[in-house]
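First the structure, which I've put down as structure tokens, then a few questions once you've had a look.
The values are calculated or read from the model by the stated rules, or taken from the named source; none is laboratory data. Values in this document were obtained by computation on a predicted structure and should not be read as measured data. Neighbour counts run over all protein chains shown; Cβ positions are idealised from the backbone, glycine included. For the accessible areas, the whole protein counts, side chains as well, though only heavy atoms, and no ligand, DNA or RNA atoms are used. Shrake-Rupley method; radii C 1.70, N 1.55, O 1.52, S 1.80 Å.
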Amino acid sequence: MASDIQLTKLAECAGCGAKVGAGVLAQLLEGLPTRTDPKLLVGYDTSDDASVYQLSDDLALVQTVDFFPPIVDDPYLFGQIAAANAISDVYAMGGEPKLALNVMCVSPQMDREAVHGVLRGGYEKAYEAGTIITGGHTIQDKEPKYGLAVSGFVHPGRILRNDRARPGDVLTLTKALGIGVTTTAAKAGLADPELYRQAVEQMRTLNKTARDIMVNFDVGSCTDVTGFGLLGHSLEMARGGGATVVIESGNIPFLPGVRSLAEMGLLPEGMYRNRHFAESSTKVEGEVPLAIQDLLYDPQTSGGLLIAVAEKDAQALLSALRDRIPCAAQVGYVEARREDCSIVVKP
Amino acid sequence: MAVEIDAMGKACPMPVVLAKQALDGGENDVTVAVDNQIAVENLTRLAESQGMTAVSAPREGGFAVRITGERKAAPAPEPVACCPTAPGGATVFIGKDFVGDGSRELGENLMKMFLYTLAQSDTPPACLLFMNGGVKLPAGEEPQVIESLKSLLDKGCEILVCGTCLNYFGLTEQLKVGTVSNMYDIAGRLLTAPRVVTV
């Protein structure tokens, strides 16, 4: 019954690593016309996780789309990961996903089982999120791709933007880093099976629990850590808030064993793109090993939420998260803007 | 002896893999021809991690990276920073909220004690799987049960709770500890676990 096709062999890039770099994207989009609408609460200009449109005084629509080439060989797991990743953008806005549409590219090598596996993975993950998939669009392509366009709702007064970090906020991260390095090592057959299992488990875990807990606290800003890596996404958060983000690298949760893989040079191309984008705004203070720095730029697929919470609530948020998400950790804080950098990385 | 590796046209991580194979084979002078800057950077990191030196020079269509020096012994495995690996303990399948037959009241108390004992154990289980009536434990009101389960979670024990079962009992919103899961995951854990205990 299971399909023998190894999906990752059919694609050049994997997962969010296929995302066009942040700097390149900004250049590509420059000069395109944009329209404004007073009801468009979050739009094009802040590169947020999703757009938000006000429907009434107490209801706003959240919309997002995300899809990518296979990051794992198993079709069902690929479907689960792609769906968890796409839905995550709604959670990152503080919203609740409700409806979704499949976005799919089918390659000639994919048999019926493989296509079914991907879609079933997506359907079941969406169901777990309380989201209904109502249709979609499938085209033929050389490489397989899958994802979702997701719609959800949020209260217009409780939108969590990615660019509102306030000096004094504490940064909390809800998933471990190292997905890009793990999948790169897996391509080389050098990823420990237990590491790989944990990476897959983490990628297909919804950010729903983290979102549901987070909305009970005074959160200034939130984003999900995906293709741009922790520092790429931190940079967006810092710049928009007119603040400087301090990352304490010693407190960051990493998947077990990724540090030695990073030291060995098993780094995805996306890591270098992210470094290129964020490095000039980043200052390293003290001794931070190169492999750790690399991991801070490592592109994540279906990564965790990066939550900037008021200091008074930081401890309560962390303990509430830890009950359900053992690897949640405080990874830094937000300072008043420094002249020379938007991000500081400390040991 | 010097070794030449042609990794032109090969995307990461292949250049690193090929170079590492040569180093693993005892070579200490390896030159890798690559066609992109990322491969150069990754090979440089590989050399440094082995205590060796990498020098790159432009070559037609790309770069030649030469790795030389004495390779240092493999470092000790790094400690796990977070997301504790599931300990090598058993997988425990809990399909009801009491232990044994005879007296239901006794059975419920026994279950409470059983989970407490697991939580106090030096070798806690790797995984708890709750199905059918078992889901009433992580979604229930018994503080000692919840505390035991939280303590197991802190020790790295994975707790999966059947979502269909929670839904059936109308307890989805009441889940206090553990991850909502499905038949696919739970069956997967049962089939791959080295040791399964059913309660």
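Using a 1.4 Å probe on protein heavy atoms only, how many Å² of accessible area do B and A hide from each other, summed over both chains and rounded to 100?
Interface between B and A: roughly 2800 Å².
Work out the mean other chain Cβ neighbour count within 10 Å for the residues of B:20-26 and drop it here as an integer.
1
Here's something else I'd like to know. With just the Cα atoms defining each centre, how far is segment A:73-91 from segment A:134-171? Give it in Å.
Result: 12 Å between the Cα centres.
Same structure again: Report the label-to-label distance for A:LEU101 and B:GLU70 in nanometres (one decimal), using points 7 Å from each Cα along the Cα→Cβ vector.
6.5 nm
For B:ILE5, list long-range residues whose amide hydrogen, built 1.01 Å from N in the peptide plane, is under 5 Å from its own amide hydrogen.
Placed amide hydrogens put B:THR31, B:VAL32, B:ALA33 under 5 Å from B:ILE5.
May I pose another question? Given H placed on each backbone N at 1.01 Å, which residues far from A:ALA165 in sequence or on other chains put an amide H within less than 5 Å of it?
A:GLY241
Between 0 and 90 degrees, rounded to the nearest ten: what's the tilt of helix B:14-24 against the longest Cα principal axis of chain B?
Relative to chain B, helix B:14-24 is tipped by roughly 80 degrees.
Between A:SER51, A:VAL72, A:LEU41, whose Cα lies farthest towards the positive end of the dipole of segment A:7-158 when Lys and Arg beta carbons carry +1 and Asp and Glu beta carbons carry -1, centred on the Cα centre?
My answer, from the dipole projection, is A:VAL72.
Starting from the amide H of A:ALA191, placed 1.01 Å from N in the peptide plane, find each other amide H under 5 Å away whose residue is 5 or more places distant or on another chain.
A:ALA186
Can you tell me how much longer the chain between A:THR46 and A:GLU248 gets when fully stretched, taken as 0.36 nm per residue apart minus their C-alpha distance, in nm with one decimal?
70.2 nm
Report, as an integer, the average count of C-beta atoms from other chains found within 10 Å of each Cβ along B:12-19.
Going residue by residue through B:12-19 and averaging, the value is 6.
Right, something else. Of the listed peptides A:29-42, A:124-137, B:96-109, what is their order by residue-averaged count of other C-beta atoms within 10 Å, with the highest listed first?
Top to bottom by mean Cβ count within 10 Å: A:124-137, B:96-109, A:29-42.
Using alpha-carbon positions, what is the distance between the centroids of segment B:148-199 and segment B:1-18, in Å?
Each part's Cα centre sits 45 Å from the other's.
Could you run the Karplus curve 6.51 cos²θ - 1.76 cosθ + 1.60 with θ = phi - 60° over segment A:112-129 and give me ³J(HN,Hα) per residue in whole Hz, x for Gly and Pro?
Per residue, the Karplus-derived 3J(HN,Hα) values read 4, 4, 5, 4, 4, x, 4, 5, 5, x, x, 4, 5, 5, 4, 4, 4, 7 Hz.
Then there is this: Based on the Cα gyration tensor of chain A, what are the three equivalent ellipsoid semi-axes, each the root of five times an eigenvalue, rounded to whole Å and given largest first?
29, 25, 19
By a straight-distance test (C-alpha under 26 Å), which lysines pair with A:LYS39 as possible cross-link partners, with residues fewer than eight away in the same chain excluded?
List returned: A:LYS98.
Spin-label point model (7 Å from Cα, Cβ direction): what's the A:GLU287 to A:GLU339 distance in nm?
3.1 nm
Moving on. Would you list, by chain and number, the lysines whose Cα falls below 29 Å from the Cα of B:LYS20, excluding same-chain residues fewer than 8 positions away?
List returned: A:LYS9, A:LYS19, A:LYS187, B:LYS10, B:LYS72.
OK, next. In a GNM of chain B with a 10 Å cut-off on Cα contacts, which of B:SER181, B:SER148, B:SER56 has the highest mean-square fluctuation?
The residue that fluctuates most here is B:SER56.
How big is the gap, in Å, between the Cα center of segment A:266-318 and the Cα center of segment A:193-254?
Cα centroid to Cα centroid, the span is 9 Å.
Under unit Cβ charges (Lys, Arg +1; Asp, Glu -1), what dipole magnitude, rounded to 20 debye, does segment A:71-166 have relative to its Cα centre?
In debye, rounded to 20, segment A:71-166 gives about 520.
Give me the number: length gained by fully extending A:HIS155 to A:LEU55, i.e. 0.36 nm times residue separation minus the C-alpha to C-alpha distance, one decimal in nm.
Length gained between A:HIS155 and A:LEU55: 35.0 nm.
What distance in nm separates the simple spin-label points at A:GLU279 and A:VAL24, each placed 7 Å from Cα in the Cβ direction?
With each label placed 7 Å out from Cα toward Cβ, I get 1.6 nm.
Taking only the Cα atoms of segment A:7-158, how large is their convex hull per residue, in Å³?
So the per-residue hull volume is 116 Å³.
On the protein heavy atoms, probe 1.4 angstrom, tell me the percent of accessible surface of chain A carried by carbon and sulfur.
Answer for chain A: carbon and sulfur cover 52 percent of the accessible area.
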